[in-house]
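Since the structure comes first, as structure tokens, the remarks are kept for the end.
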Amino acid sequence: AAAGLLCDLLWSDPDMSIAGWGESDRGIGFAFGPDVVHDFLARTGLHLICRAHQVVEDGYEFFAQRKLVTIFSAPNYCGEFDNAGAVLRVGPDCVCSFAILKPTRRAPVAAPVAPVPQLEHKR
């Protein structure tokens, strides 16, 4: 979806530098400030917003006084980032914890070497 509610929910990101709503650096969706999070939680009676679809370095990242958490579960995203991944665990008592998926260090890939043909010596 290139427009509409589903697109806005998917592509909108938290931004500490703004109040309310603003333009997104992605060029799609919106950016929202901590005040938007607090207002939404107060109106809905919820305690935490869990979201994804944004690369974060440690696999998870809190926002708005720990009232919103971004979770990203793909370490080394697309081979272009050195990010960790995380999985959110919610216990029966609603206590949250994270399983961290550490990024792997990959050795540089060497170009394949063609085998050297064997020469036959004839006498």
Accessible solvent surface per residue of the range 1-81, calculated while the other protein chains remain in place, 1.4 angstrom probe, Å²: 65 Å²
Highest to lowest packing among 32-40, 72-80, 17-25, scored as the average C-beta count within 10 Å: 32-40, 72-80, 17-25
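The values are calculated or read from the model by the stated rules, or taken from the named source; none is laboratory data. Owing to the predicted nature of the structure, the values given are computational and were not obtained by experimental measurement. Note that we place each Cβ from the backbone using ideal geometry, even for glycine, and neighbour counts take in every protein chain shown. What goes into the accessible areas is simple: the full protein's heavy atoms, side chains included, and nothing from ligands, DNA or RNA. Shrake-Rupley method; radii C 1.70, N 1.55, O 1.52, S 1.80 Å.
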